[in-house]
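Heads up: the structure comes next, in structure tokens.
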Amino acid sequence: MADKISHSDEEWRRRLTPEQYSVCRGKGTERSFSGQYVHLKEEGVYQCSACGQPLFGSGEKYNSGTGWPSFWAPIEKGAVTGKADRSHFMERMEVLCSRCESHLGHVFDDGPPPTHLRYCINSVSLKFVPKEKPAGLKGAGQRPGDSPGSGKPRPRRGR
């Protein structure tokens, strides 16, 4: 894991969007089913939106039906930490980024095997980085000679 980082409250406000600040630093929660990663099925890594530390992999993501991205384990031991949360007349375990201590969500013991844990994470606390495709692979429907990403054939040189 990378070295811990800390910033003043003023610096966090400059670095984060108002929604990110509210959740990551203010321990807020986004509305269920409102986050951009709830239904994402693409392969890749979910990083902390505040500091960029890798937190969860797409292989550990599953549909819990709760309205928040859910994972059965972090990407590696030590990526996240837990802290008792007794707010709102409940006792829960808060999940924090181990690098910058941003609030990510909560972990519950009702998840799938093998861990039986459900890391219920706010989308706004995450930044998704898609898995890179091996070099040389063409996109769907792309022919040799087409310009990558343009959707248009490259001009052909006359003979």
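The values are calculated or read from the model by the stated rules, or taken from the named source; none is laboratory data. These numbers come from a predicted model, not from an experiment. All Cβ positions, glycine included, derive from the backbone under ideal geometry; neighbour counts span all protein chains shown.
For the stretch 94-130, the candidate set comprises residues that are polar (S, T, N, Q) and over 11 Å from the mean Cα position of the chain (by Cα); within that set, the residue that is surrounded by the most Cβ atoms within 10 Å (Cβ to Cβ) is S102.
For the stretch 11-25, the criterion of being surrounded by 12 or more Cβ atoms within 10 Å (Cβ to Cβ), of a type outside the set (V, I, T), within 15 Å of V129 (Cβ to Cβ) and at pLDDT 95 or above is satisfied by no residue at all. Of all residues in the stretch 93-136, those satisfying the criterion of being of a type in the set (A, V, I, L, M) and in contact (Cβ under 8 Å) with a residue 24 or more places away in the chain are V95, L104, V107, L117, I121, V124, L126, V129. Within the stretch 103-116, the only residue that satisfies the criterion of being in a loop (DSSP other than H, G, I, E, B), in contact with a strand residue (DSSP E or B) (Cβ under 6 Å, 6 or more places away or on another chain) and farther than 17 Å from S58 by Cβ is D110.
Of all the residues in the stretch 68-82, those that are crowded, with 17+ Cβ neighbours inside 10 Å and of a type in the set (G, A, S) number 3.
The set of residues in the stretch 23-67 being over 12 Å from S123 (Cα atoms), free of Cβ contacts under 8 Å to residues at least 40 places away in the same chain and either among the hydroxyl-bearing types (S, T, Y) or in contact with a Phe, Trp or Tyr (Cβ under 6 Å, 6 or more places away or on another chain) (or both) consists of E60, K61.
Please determine whether any residue of the stretch 3-25 is assigned to a loop (DSSP other than H, G, I, E, B), of a type outside the set (D, E, K, R), on the phi > 0 side of the Ramachandran plot and over 13 Å from the mean Cα position of the chain (by Cα). No; the residues of the stretch 3-25 include none that is assigned to a loop (DSSP other than H, G, I, E, B), of a type outside the set (D, E, K, R), on the phi > 0 side of the Ramachandran plot and over 13 Å from the mean Cα position of the chain (by Cα). Residue count for the stretch 47-67 under the criterion of being among the aliphatic types (A, V, I, L, M) and surrounded by fewer than 18 Cβ atoms within 10 Å (Cβ to Cβ): the result is 0.
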